[in-house]
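The values are calculated or read from the model by the stated rules, or taken from the named source; none is laboratory data. Treat the numbers as computed from the prediction; the structure is a model and nothing was measured. When we count neighbours, we look across all protein chains shown, and the Cβ atoms used for this are built from the backbone with ideal geometry, even at glycine.
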Amino acid sequence: MTNEKFRELINDLARDLLPGNGSQPPAVDLNISGPPLERVFAVRPDLESVVTMILERFEGSGECEAKRLIGSLSQSELRSLLTVLCGAYFLLPQVREALGYSGQQALTLTRGGFGAEELVVAQMRQAKRYRIPPDVESVPNTAVDPIPE
Amino acid sequence: MESTDLKTEILVVGAGLSGAISSQRLAQAGIGVTCLEQGHWNALEAYPGNKDDFELQVTGSWNANPNIRKGVVDYQILDDSSDIKPLLYNGVGGSTVIFSAHWMRFLPSDFCSYSLDGVGVDWPIGYQDLEAYYLETEFDIGVSGIAGDPAYPDRPAYPMPPLPIQPWGERVAGAHHRLGWHWWPGSNAITSQSYRGRRPCVQRSTCRAGCNEGAKGSVDQSIWPEAIRSGAKLMTGVRVSRLLVDKKGRANGALFVDVEGRTRQIKADVVIIAAHAIGTARLLLKSKSHAWPDGLANSSGQVGRNLMMHPLSRMVGFFDEPMCSWQGHWGQSIYSLEFAETRADNDFVRGSKWNLSPTGGPLTAALYPLDSAQPTGKNLHDRVDEWLGRSALWGMTGEDLPHPDNHLTLDKDQLDADGDGLPRLTYKTTENSKRMLEFMSSRARESLLEAGAYKVAKQTLASEAGWHALGTCRMGDDPLNSVVDRWNRCHDIPNLLIVDGSVFATSSCVNPAATIAALAARAVDHLINHCQEH
């Protein structure tokens, strides 16, 4: 499969899988089958062959067949395909901006306490709730039928 | 095989939590200790948490499942017969590199489930035997939390105050207060302030693949530097293939494959195995011989049996206010032990520990495996909108009772590099666990709705959740039905110790790391104090 054909098929699937929803843009508008996809395969090279196999089944079916193909995928194939497409999509700055997501940031811990302190005090006032074990030495340590069914 | 003069007083196999604790204590006591570790030591920069593709990396090369990660130091684990897939890490720090750092002591009742509830077995030791070691190792690792939890016996202050419980934690804490249910700020092996040269947590929420700050108490950061300063030797990239026993039936070293692929030998007076409940049982079974046809130290037939995996359900609550819930420590914000003990009115025995956590970034939101079908198209976008920053997640871990049919064996057909069978897990979730998790899911739903969630979503049984493999070489007083004694010495070979989670007689419902650490510290202190006996 040529790279160009590969990208066309990816775009066909992306139209269906990541069409946008008003707040998030359509994946195909962001050239998802280009550099974003290459970035994903750099991190997950193992998925390239999986996706290629899926696309080979799709080749020649045309855009209108995307839904049918997606419906025919096994759970694991769909997960692989979505990992690739979503992996590429949610790395894009335009998408992150649309979501208000700035990535996993390093923050300085607040120094104003851990939160809900008054409720912790209320918990502290509760009676002890753990069970007191019997004298272990007096109980035989024997295996028994362990699972009540 | 190359002849070798490698010799040590004590050999430790595995540089994870229990191997690190053991090596540190032995070195501090002035005893010669060498630890062999098949993986490598990651630099902090190698961890993916501070990279923008973090979420993608944890689906691949930083996946917790070694069968997916397929690192060069990982060994394949056959898990098609297991409801729960094993998650572990091979390298300095072991699975503490990828753990979420929940640091929980066992409850006192956890040591005597048989005498209290008629299930499982009693441990030969109790909470009081580990209490001092729990405390010492909390300081060694660097644990943050607050004393006073009524679910536990009284205890001294933690080394550090708790981390912020976050907006979602405050909401759920309020809900439990109204419901009259237990909750408590999370105790985590994560620094909440500068601690012994380590930086405080930056709340990046990427704990599950190392910590770039060194704030998480994975033992590559918290224990090994001190162990090495004290004189412990650590060899990395070396894979132990066999344990050796002399003519008198005493452990005397190991064969290992070094970084150049050469098989070598190391001799030792005492051998300590700390290779994870899967790795340790595997190594004992691989080390079978004419004298030990069923595997080393396996006269009881219990090596590999009683595998416990801690079945886990999850409940996600969706809130209508932004809470930035992709940030925060991935360790627990709060926990609840409301349903941790057996209750007469339940149709199951024992109980569950709940931990509330943040919910990750957009890729996690898009692909999180819930009971409902994987969304695609507009539904996928909508799920991300609803989830990202506006959700919180209860994980409900059920106590897993030991059953001999849940076990690890070596496969007859699929072989490893040494020509031995690959480890195969056979594990079925019991009816008791299924009933328990169903009950917990219903209660967690109540909890989140009371906290203000406008809807919830459920994962009944998480398959990619086998962080807590336990029990494959269980502890007991009776050599006929246990592998190690109360001091972690193999009944069959007293100078062979097992110090990892494989010795758990029962699993509790809480996270096992604190108890693994305390048991290892106790075993090694006993070894140090009774050297002549070994």
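Residue pairs, Cβ under 7 Å, 6 or more apart or interchain, first in the range B:335-357 and acidic (Asp, Glu), second in a loop (DSSP other than H, G, I, E, B). List them.
B:GLU338/B:TRP181; B:GLU338/B:HIS182; B:GLU341/A:ARG131; B:GLU341/B:GLY351
Rundown of residues vs (1) modelled with pLDDT under 95; (2) buried (at least 21 other Cβ atoms within 10 Å of the Cβ); (3) within 18 Å of B:SER113 (Cβ to Cβ), yes/no style:
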{"position": "B:ASP382", "(1), (2), (3)": "no, no, no"}
{"position": "B:TRP387", "(1), (2), (3)": "no, yes, no"}
{"position": "B:MET396", "(1), (2), (3)": "no, yes, no"}
{"position": "B:GLY421", "(1), (2), (3)": "no, no, no"}
{"position": "B:GLY471", "(1), (2), (3)": "no, yes, yes"}
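Limited to the range B:401-438, what total is found for residues that are among the hydrophobic types (A, V, I, L, M, F, W, C) and part of a strand (DSSP E or B)?
Within the range B:401-438, residues that are among the hydrophobic types (A, V, I, L, M, F, W, C) and part of a strand (DSSP E or B) number 5.
Against the definition (exposed (fewer than 14 other Cβ atoms within 10 Å of the Cβ) and modelled with pLDDT of 95 or more), how does A:ALA88 come out, yes or no?
When the stated conditions are applied, A:ALA88 does not pass them.
Just need a number here: residues in the range B:117-150 that are more than 19 Å from B:ASP400 (Cβ to Cβ), small (Gly, Ala, Ser) and at the interface with chain A (Cβ under 7 Å from one of its Cβ atoms).
2
Of the residues that sit in the range A:42-54 and are more than 13 Å from chain B (Cβ to nearest Cβ) and surrounded by fewer than 19 Cβ atoms within 10 Å (Cβ to Cβ), which one is nearest to B:ILE68 (Cα to Cα)?
My answer is A:SER49.
Show the residue pairs that are 6+ apart or on different chains and have beta-carbon atoms under 6 Å apart, the first residue being within the range B:367-379 and more than 9 Å from every other protein chain (Cβ to nearest Cβ), the second being part of a loop (DSSP other than H, G, I, E, B) and modelled with pLDDT of 95 or more.
Matching pairs, first to second residue: B:ASP371/B:THR460.
Which condition does B:SER441 not pass, out of (1) in a helix (DSSP H, G or I); (2) away from chain A (no Cβ under 13 Å); (3) surrounded by fewer than 16 Cβ atoms within 10 Å (Cβ to Cβ), if it passes all the others?
(3)
State whether one or more residues within the range B:375-394 are closer than 30 Å to B:VAL257 by Cβ and not polar (S, T, N, Q).
Checked the range B:375-394: no residue is closer than 30 Å to B:VAL257 by Cβ and not polar (S, T, N, Q).
Just one of B:SER352, B:SER357 is within 25 Å of B:GLN327 (Cα to Cα), more than 10 Å from chain A (Cβ to nearest Cβ) and among the hydroxyl-bearing types (Ser, Thr, Tyr); which is it?
B:SER357
Give the range B:472-500 a look and list any residue that's free of Cβ contacts under 8 Å to residues at least 60 places away in the same chain and either out of contact with any His (no Cβ under 9 Å at 6 or more places or on another chain) or among the basic types (Lys, Arg) (or both), or say none.
Result: B:ARG489, single match.
Within the range B:254-264, identify whether any single residue is crowded, with 20+ Cβ neighbours inside 10 Å and either free of Cβ contacts under 8 Å to residues at least 24 places away in the same chain or within 22 Å of B:SER299 (Cβ to Cβ) (or both), and answer yes or no.
yes
Would you check if there is a residue in the range B:73-90 being free of Cβ contacts under 8 Å to residues at least 60 places away in the same chain, within 14 Å of another protein chain (Cβ to nearest Cβ) and either out of contact with any strand residue (DSSP E or B) (no Cβ under 8 Å at 6 or more places or on another chain) or of a type in the set (Ser, Thr, Tyr) (or both)?
yes
Kindly evaluate A:LEU9 against the criterion of being closer than 29 Å to B:ARG69 by Cβ, of a type outside the set (Asp, Glu) and either in contact with an Asp or Glu (Cβ under 8 Å, 6 or more places away or on another chain) or more than 14 Å from chain B (Cβ to nearest Cβ) (or both).
So A:LEU9 passes the test.
Within the range B:185-200, can you find the residues that are at the interface with another protein chain (Cβ under 9 Å from one of its Cβ atoms) and either surrounded by fewer than 23 Cβ atoms within 10 Å (Cβ to Cβ) or within 21 Å of the chain's Cα centre (by Cα) (or both)?
Within the range B:185-200, B:PRO185, B:GLN193, B:PRO200 qualify.
Can you name the residue in the range B:37-72 that is closer than 27 Å to B:GLY261 by Cα and touching a Lys or Arg at 6+ places or on another chain (Cβ under 8 Å) and, of all such residues, is nearest to the other protein chains (Cβ to nearest Cβ)?
So the residue we want is B:GLY60.
Just a yes or no: is a residue in the range A:21-41 within 10 Å of another protein chain (Cβ to nearest Cβ), surrounded by fewer than 18 Cβ atoms within 10 Å (Cβ to Cβ), within 20 Å of the chain's Cα centre (by Cα) and in a helix (DSSP H, G or I)?
Yes: the range A:21-41 contains one or more residues that are within 10 Å of another protein chain (Cβ to nearest Cβ), surrounded by fewer than 18 Cβ atoms within 10 Å (Cβ to Cβ), within 20 Å of the chain's Cα centre (by Cα) and in a helix (DSSP H, G or I).
Can you tell which of A:LEU99, A:LEU109, A:LEU82 is surrounded by fewer than 18 Cβ atoms within 10 Å (Cβ to Cβ) and at the interface with chain B (Cβ under 7 Å from one of its Cβ atoms)?
A:LEU109
Out of (1) within 30 Å of B:VAL121 (Cβ to Cβ); (2) within 18 Å of the chain's Cα centre (by Cα), what's the single condition that is false for B:HIS329?
The number of the failed condition is (1).
Test B:TYR114 against the criterion of being of a type in the set (Ser, Thr, Tyr), at negative phi and within 7 Å of chain A (Cβ to nearest Cβ), and give yes or no.
It is true that B:TYR114 is of a type in the set (Ser, Thr, Tyr), at negative phi and within 7 Å of chain A (Cβ to nearest Cβ).
Do we have A:GLN75 as within 8 Å of chain B (Cβ to nearest Cβ) and loosely packed, with under 13 Cβ neighbours inside 10 Å here?
yes
Residues being touching a strand residue (DSSP E or B) at 6+ places or on another chain (Cβ under 7 Å), in a loop (DSSP other than H, G, I, E, B) and either within 7 Å of chain A (Cβ to nearest Cβ) or buried (at least 23 other Cβ atoms within 10 Å of the Cβ) (or both): count how many of those fall in the range B:159-182.
Adding up the residues that qualify gives 5.
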